[in-house]
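A short worksheet on the structure shown next.
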Amino acid sequence: MAESTPLVRIEGLYKSFGSLDVLKGIDLNVQQGQKISLIGPSGSGKTTLLRCVNYLEEPTRGDIYIDNELIGQRLVGSTKVPMSDKELARMRAEIGMVFQRFNLFPHLSVLDNIILGPLKVQQRSRAEAVEQAEDLLNKVGMFAKRDAFPEQLSGGQQQRIAIARALAMQPKLMLFDEATSALDPELVGEVLGVMRKLAEEGMTMIIVTHEMSFAESVSDQVIFMADGNIVEQGPPRQIFRESRIERTRSFIRAVQEH
Amino acid sequence: MGYGELWEATHVELLAAAWATLQLAFGALVIGLLVGLLVALARLSKSRPLRRAALMYIEVFRGTPALVQLFIVYFSLTEIGVQFSSFQAAMIGLGLNAAAYLSEIYRAGLEAVPKGQVEAAQAIGMPHLKVLRWVVLPQAIRIVLAPIGNVAISLLKDTSVASLIAAPDLMLRAQDLSSVYFMPLEIYILVGAIYFALCYPLSLGVRLLERRTRH
Amino acid sequence: MFDSIALNKAIDMLPYFLNVLGIGALTTVGLTFAAFVVATLLGFCLALMRLSRSRVLSLIASVYLEVFRNVPILTQLFILYFGLTYIGITLPAIGAAIIGFGLNGAAILSEVFRSSIRTIDRGQSEAAYSIGMTRSLAMRMIVLPQAFKVAIPGMANFAIGLLKDTSLASAAAVPELTFKARMLVSETYQTNLIYFLLAMIYLILSLILSHWAARTERRLKVVKEH
């Protein structure tokens with residue numbers, strides 16, 4: 001069976017912040033429907049890599065293609081030119097992101113948080129946007145809170161709404177940036193539950209996480225990163241249980257010691 | 001007459017007046033620093049009437065224009081037999097005005113010193129005065145330096161108000177020269193440039209201070 | 001010293017004084033309000049210029065700020081006043097005053113706006129971008145509404161300072177409060193009473209302003225807490 005074009009294609013990605021090299025040459029493909037987990041120690045560059053996918057970070061070098069379209073840059077003849085803000089926004093609308101600190105809009109109600117994108121960016125009708133929002137709220141188990149404001153909600157509740165907000169844009173791809181790292185332990189489960197459901201429905205997901213058992217059970221591919229490079233990539237079993245690379249093994253050992 | 005020629009003709013007088021302005025600002029700053037300290041101490045004292053008096057002082061001097069305060073010091077006090085020169089009245093008025101702001105700056109500086117430090121010093125048995133001298137004050141001083149700098153810059157600009165009670169400052173000199181050379185716009189622009197030359201380096205300095213003391 | 005005849009004379013003139021000063025106070029409030037509006041609109045533009053990615057715009061705004069913040073406002077008023085007559089524009093003195101205070105105030109407010117925009121967490125903008133908002137849409141719908149609430153204390157402080165600064169317009173014969181007071185003093189020589197009333201009226205006006213600002217801030221917080 002021929003492999004279709006990857007939904008996400010990362011080629012030769014380098015990213016430096018000043019003199020600090022955070023990504024040192026990343027090549028990665030993500031197929032439609034795949035769930036990829038990025039794991040690794042702090043400073044390994046996994047969050048930076050994720051943020052390059054929707055161009056929240058501008059690569060120092062390298063290309064990223066979303067559904068075969070170059071993101072953040074345009075090819076004019078043979079030179080690469082920065083993409084216009086409008087074009088970039090259009091591409092970003094098709095990629096959903098869930099942040100570690102939720103980043104819900106505090107001055108808007110839960111419902112308004114979710115319908116804002118469909119209304120103002122996708123120009124959908126209010127009735128349609130509200131209907132979809134309510135469906136999503138049901139899906140993440142937060143329908144009762146539709147008129148509440150973010151500050152009245154717990155972290156786990158806010159994050160579930162953040163996921164609904166991202167899904168409201170009907171993205172092709174969902175990026176999770178340590179979605180549960182800022183949550184109290186007892187609230188982590190409810191968010192992972194939503195992510196798991198999403199995975200089962202076939203969403204393409206790139207997940208940066210410290211939740212190893214979750215990564216193991218949900219992912220098709222696990223990527224272990226350290227010092228700005230991909231050290232090892234493979235199915236969960238290979239990374240978590242059968243790795244032949246010492247660096248990977250010592251990391252897995254260290255995190256499972258808890 | 002172009003700017004060059006005008007400057008040639010007037011710069012001696014303008015710079016002399018600028019010097020007077022600097023003296024006025026400096027004098028007012030000194031008065032403000034001293035009176036402000038008294039007001040701050042009263043504000044933080046244990047005596048309720050003293051605290052009330054300090055609060056009223058601050059409220060009145062921050063709630064009324066500096067110009068009105070200068071009027072009162074210069075004109076009204078004559079009724080009780082006190083007559084200051086316009087220069088003195090300006091220095092006193094501006095100084096008392098600055099004192100209200102400075103006292104709040106002192107208070108903020110003292111309160112910004114983390115309580116934990118004071119408690120730690122007391123816990124090792126340091127007497128109260130020593131705590132003040134060695135723990136609180138050095139830090140408070142670092143915190144207040146930049147805000148005091150900002151007050152100084154404001155004072156420099158506020159001295160222009162003294163011209164309205166005919167105190168011999170830069171703006172008054174500009175007024176005189178305007179009637180001599182009939183080029184008010186050019187003269188006031190030159191004067192503006194002089195004020196800028198005095199204030200801008202100060203504000204750069206204060207900004208440097210702010211950056212340093214943020215650590 | 002406290003001649004009872006003189007005291008009675010002064011008290012008799014009280015209604016007259018309050019009348020004249022009252023009119024002056026209205027002018028002062030009107031002048032303050034008009035200048036505040038000018039300063040807010042222009043200051044907002046300046047803040048956006050400072051924050052823009054265009055180095056040229058940012059530089060222009062910075063230069064504007066430095067000039068207007070390092071020259072006394074009285075000097076600025078005079079330059080404007082004479083400058084306008086120079087280019088042949090005859091404005092009533094109060095018009096020049098509104099422009100002068102507005103231009104100066106814009107420099108001050110632009111810093112208030114700029115810092116309040118910067119206090120809004122970057123995560124908010126990033127979340128907005130991630131749902132496909134352009135920079136300007138994100139600014140309009142997400143950052144500015146939040147920044148506005150943060151800016152209110154700064155704007156209130158500015159307004160009170162502006163109210164006091166309008167006393168300088170008396171030098172240009174604008175018939176505001178201080179000018180009226182000076183007029184009354186030269187008319188009646190009741191220096192103490194008149195300047196006392198003058199100070200009182202400013203005090204009352206600034207207290208009203210600060211209470212009103214505190215109430216507005218509180219009301220905005222309540223509205224959020226639906």
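C:ALA172 satisfies every condition listed in (1) in contact (Cβ under 8 Å) with a residue 40 or more places away in the chain; (2) within 14 Å of chain A (Cβ to nearest Cβ) except (2).
Within region C:66-77, the set of residues being assigned to a helix (DSSP H, G or I) and in contact with a Ser or Thr (Cβ under 9 Å, 6 or more places away or on another chain) comprises C:GLU66, C:ARG69, C:ILE73, C:LEU74, C:THR75. For the residues C:TYR202, C:TYR189, C:TYR195, the requirement of being farther than 30 Å from A:PRO106 by Cβ and touching a residue at least 24 places away in the same chain (Cβ under 8 Å) singles out C:TYR202.
Within region B:150-170, the set of residues being within 11 Å of another protein chain (Cβ to nearest Cβ), out of contact with any Phe, Trp or Tyr (no Cβ under 8 Å at 6 or more places or on another chain), in contact (Cβ under 8 Å) with a residue 60 or more places away in the chain and among the aliphatic types (A, V, I, L, M) comprises B:LEU155, B:VAL161, B:LEU164. For B:ALA89, the conditions (1) part of a loop (DSSP other than H, G, I, E, B); (2) modelled with pLDDT of 90 or more all hold with the exception of (1). Tell me which residues, restricted to region C:186-195, are in contact with a helix residue (DSSP H, G or I) (Cβ under 8 Å, 6 or more places away or on another chain) and either crowded, with 20+ Cβ neighbours inside 10 Å or within 11 Å of chain B (Cβ to nearest Cβ) (or both). Result: C:GLN190, C:THR191, C:ASN192, C:LEU193, C:ILE194, C:TYR195.
Restricting attention to region B:131-149, the residues being free of Cβ contacts under 8 Å to residues at least 60 places away in the same chain and of a type in the set (Gly, Ala, Ser) number 1. Against the numbered list (1) within 24 Å of B:GLU8 (Cβ to Cβ); (2) part of a helix (DSSP H, G or I), B:LEU204 comes up short only at (1). The residue of region C:78-95 that is nearest to C:PHE33 (Cα to Cα), among those that are more than 13 Å from chain B (Cβ to nearest Cβ) and touching a residue at least 12 places away in the same chain (Cβ under 8 Å), is C:ILE94.
Inside region A:97-113, residues that are under 19 Å from A:ASN54 (Cβ atoms) and either more than 7 Å from chain C (Cβ to nearest Cβ) or more than 17 Å from the chain's Cα centre (by Cα) (or both) make up a count of 6.
Here B:ALA18 fulfils each of the conditions (1) free of Cβ contacts under 8 Å to residues at least 60 places away in the same chain; (2) part of a helix (DSSP H, G or I); (3) surrounded by fewer than 21 Cβ atoms within 10 Å (Cβ to Cβ); (4) within 13 Å of chain C (Cβ to nearest Cβ) apart from (1). Residues in region B:50-66 include at least one that is crowded, with 17+ Cβ neighbours inside 10 Å, away from every other protein chain (no Cβ under 13 Å) and modelled with pLDDT of 95 or more. Residue count for region A:150-168, restricted to those that are within 12 Å of chain C (Cβ to nearest Cβ) and surrounded by fewer than 22 Cβ atoms within 10 Å (Cβ to Cβ): 3.
Based on this model, can you work out whether C:LEU220 counts as more than 8 Å from chain B (Cβ to nearest Cβ), in contact (Cβ under 8 Å) with a residue 60 or more places away in the chain and closer than 30 Å to A:SER109 by Cα? Judged against the criteria, C:LEU220 is a match.
Considering only residues in region C:67-77 that are within 8 Å of chain B (Cβ to nearest Cβ) and in contact (Cβ under 8 Å) with a residue 60 or more places away in the chain, the one that is nearest to B:SER163 (Cα to Cα) turns out to be C:LEU74.
From the list B:GLU111, B:GLU104, the one residue that fits, being of a type in the set (D, E, K, R) and closer than 19 Å to B:PHE61 by Cα, is B:GLU104. The criterion of at least 1 residues that are in contact with a Phe, Trp or Tyr (Cβ under 6 Å, 6 or more places away or on another chain) is met, among strands (runs of 3 or more DSSP E) falling completely within region A:155-248, by A:173-177, A:204-208, A:229-234. Taking the criterion of being in contact with a helix residue (DSSP H, G or I) (Cβ under 7 Å, 6 or more places away or on another chain) and either in a helix (DSSP H, G or I) or among the charged types (D, E, K, R) (or both), the only residue of region A:33-47 that qualifies is A:LYS35. Return a yes/no flag: does region A:48-68 have any residue that is in a helix (DSSP H, G or I) and either hydroxyl-bearing (Ser, Thr, Tyr) or on the phi > 0 side of the Ramachandran plot (or both). Among the residues of region A:48-68, at least one is in a helix (DSSP H, G or I) and either hydroxyl-bearing (Ser, Thr, Tyr) or on the phi > 0 side of the Ramachandran plot (or both), which makes the answer yes.
Highlighted here are the helices (runs of 4 or more DSSP H) found entirely within region C:79-158 that include at least 1 residues which are hydroxyl-bearing (Ser, Thr, Tyr) and surrounded by fewer than 17 Cβ atoms within 10 Å (Cβ to Cβ): C:93-119, C:135-138. Residues considered: C:MET133, C:MET183. Of these, the only one that is away from chain A (no Cβ under 14 Å) and over 24 Å from C:LEU209 (Cα atoms) is C:MET183.
Looking across region C:159-181, the residues that are surrounded by 20 or more Cβ atoms within 10 Å (Cβ to Cβ), in a helix (DSSP H, G or I) and of a type outside the set (A, V, I, L, M) come down to C:LYS164, C:ASP165, C:THR166, C:SER167, C:SER170, C:THR178, C:PHE179, C:LYS180.
In the set A:LEU111, A:LEU104, A:LEU136, which member is crowded, with 17+ Cβ neighbours inside 10 Å, in a loop (DSSP other than H, G, I, E, B) and modelled with pLDDT of 95 or more?
Among A:LEU111, A:LEU104, A:LEU136, only A:LEU104 is crowded, with 17+ Cβ neighbours inside 10 Å, in a loop (DSSP other than H, G, I, E, B) and modelled with pLDDT of 95 or more.
Inside region B:177-196, can you point out the residues that are free of Cβ contacts under 8 Å to residues at least 24 places away in the same chain, in a helix (DSSP H, G or I) and more than 9 Å from chain C (Cβ to nearest Cβ)? Correct list: B:SER179, B:VAL180. Here region C:49-66 is the region considered, the condition is being aliphatic (A, V, I, L, M) and touching a residue at least 12 places away in the same chain (Cβ under 8 Å), and the residue that is surrounded by the fewest Cβ atoms within 10 Å (Cβ to Cβ) is C:LEU51. Checking the stated criteria, B:LEU208 turns out to be more than 10 Å from chain C (Cβ to nearest Cβ) and free of Cβ contacts under 8 Å to residues at least 12 places away in the same chain. Condition test on A:ILE64, is it β-branched (Val, Ile, Thr), under 27 Å from C:ARG135 (Cα atoms) and in contact with an Asp or Glu (Cβ under 9 Å, 6 or more places away or on another chain)? Considered against the rule, which asks whether it is β-branched (Val, Ile, Thr), under 27 Å from C:ARG135 (Cα atoms) and in contact with an Asp or Glu (Cβ under 9 Å, 6 or more places away or on another chain), A:ILE64 comes out as yes. Among the residues making up region A:76-91, a single one is within 14 Å of chain C (Cβ to nearest Cβ) and assigned to a strand (DSSP E or B): A:PRO82. Of the residues examined, A:SER219 is one that is closer than 22 Å to A:ILE66 by Cα and touching a residue at least 12 places away in the same chain (Cβ under 8 Å).
The values are calculated or read from the model by the stated rules, or taken from the named source; none is laboratory data. All values derive from a computational prediction rather than experimental measurement. In this analysis, Cβ positions are derived from the backbone assuming ideal geometry, glycine residues included, and neighbour counts consider all displayed protein chains.
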